[in-house]
Amino acid sequence: MNLMRWMGLAGTLSIAAGVAIGAWLLPTRTPVAPAETLDSLRAKQVQIRDVIERVMPSTVVISDGVGSGSGVIVSEEGLVLTAAHVLLTDGPLLEVTFADGRKVPAKPLGMNLDVDAAMLQLQEPGPWPAVELAEAGGAKPGDWCVALGHPGGYQLGRTPPVRVGRVLANDPTVVLTDCALIGGDSGGPLFDLEGNLIGIHSSIGESIDQNRHVPIGAFRADWDRMLDGESWGRLGRLVDLTPNRPMLGVRLEFLREDAVVVSEVIDDSPAANAGVEVGDRILSVDDDEVSSPMELIQRVAQKQVGQRVRLLVERAGKLRRLEVVLTRSGELDLRD
């Protein structure tokens, strides 16, 4: 497969499940370096082939039975990095699938929703094929990069499609590249030409070749917190690539791990139409108690679009019962 074909692969793939997050102001772009000679491109092709051979076994599919995203193994013990929105699932265990079809259960760990970074742990003993992490801030505008992922979810006999591009911009919270990405790539790895992990795919920009990635420095900064299972922050603007997931239409105070408190109600959402207000404490969903933001997310994920859901909320010391009709996530305007 030649270099130019790698760069165009994503255009032939079908769009599938995955949610992309993008709340950041984009960093200023630095002009990309001039075009390289044919000889230098051939040398890059050899280098890229070597990177692909080394990192492909570590690139996995992450599935919750409804949608899927991607991830990458970074330790022989089975630690996996992905995007936080990939782990907003309906259960305590996920399924990780390798390119050869092997399936392994995995447990979500912590996540920083502010930057869309998360970890999970494979639940079977290793050693597992792992990639190396780049130094924080190592990727520079104009640098070549290699993106892998599983758009469309796992497909028998298909290895993770490869896209090649360049870094357009880089700052502590976001890397911008022109690697063509689509749904299902979310959470997948971005490498430099040394095969070091420089980022995790987060969201698609205005076109499929204008994409945002969580820089590896953002993972390094909060490594211990996420490894300990801590979750914090909030999702920003969602560019929805999983339009069929059920949505309630609220944002929550993720710093409150002992209660489900509404911090924002999305305009024209099911929650808004049902009368949910900022400051409401959600106590139960269909009489099932919820005591943390993640529990509410999991309860809603188990429902169906169009389903009527009963909420019990506490407001100003009084209990209120509300009925919500869940909508498709693709029907909500989730921009800040």
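How long, wide and thick is the range 83-186, going by the Cα atoms along their three principal axes, in whole angstroms, largest first?
Between the extreme Cα coordinates on each principal axis of the range 83-186 lie 39, 33, 27 Å.
Could you tell me the center-to-center distance, by alpha carbons, between the range 266-323 and the range 138-175 in angstrom?
The range 266-323 and the range 138-175 have Cα centres spaced 37 Å from each other.
Per-residue HN-Hα couplings for the range 111-123, Karplus 6.51 cos²θ - 1.76 cosθ + 1.60 at θ = phi - 60°, whole Hz, x for Gly and Pro?
The phi angles translate into 8, 10, 5, 4, 10, 6, 10, 7, 10, 9, 10, 5, 9 Hz.
With a Förster radius of 30 Å, plug the Cβ-Cβ distance of residue 305 and residue 44 into 1/(1 + (r/R0)^6) and report the FRET value to the nearest 0.05.
Efficiency, rounded to the nearest 0.05: 0.10.
Could you give the length gained on full extension between residue 267 and residue 140, defined as 0.36 nm per residue of separation minus the Cα-Cα distance, in nm?
Gain on extension, residue 267 to residue 140, equals 41.8 nm.
Reachable lysines from residue 303, Cα under 21 Å, same-chain residues fewer than 8 places away excluded?
Leaving aside lysines fewer than 8 places away in the same chain, none come within reach of residue 303.
With 5 Å bins from zero, work out the P(r) of the range 244-331 over every alpha carbon pair and list the percent per bin.
Spelled out bin by bin, the range 244-331 gives 3, 16, 28, 30, 17, 4, 1, 0 percent.
For residue 234 and residue 314, calculate 0.36 nm times their separation in residues minus their Cα-Cα distance, and state this gained length in nm to one decimal.
26.6 nm
Would you list, by chain and number, the lysines whose Cα falls below 18 Å from the Cα of residue 44, excluding same-chain residues fewer than 8 positions away?
140
Report the net charge of residues surrounding residue 101, where surrounding means a beta-carbon distance below 13 angstrom and charges are Lys +1, Arg +1, Asp -1, Glu -1.
Here the charged neighbours net out to +1.
Percentage of Cα-Cα pair distances in the range 105-145 greater than 12 Å, rounded to whole percent?
Distances greater than 12 Å cover 75 percent of the Cα pairs.
If packing is taken as the average count of other Cβ atoms within 10 Å, what order do 135-144, 184-193, 168-177 fall into, highest mean first?
184-193, 168-177, 135-144
Can you tell me the order of 151-164, 305-318, 104-117, 275-288 when each peptide is scored by its average per-residue count of other Cβ atoms within 10 angstrom, highest first?
104-117, 151-164, 275-288, 305-318
Read-outs: derived from the displayed coordinates by stated rules, not from any lab. Everything numeric here is computed off the predicted structure, so don't read it as measured data. Cβ: placed from backbone, ideal geometry, glycine included. Neighbour counts: every protein chain shown.
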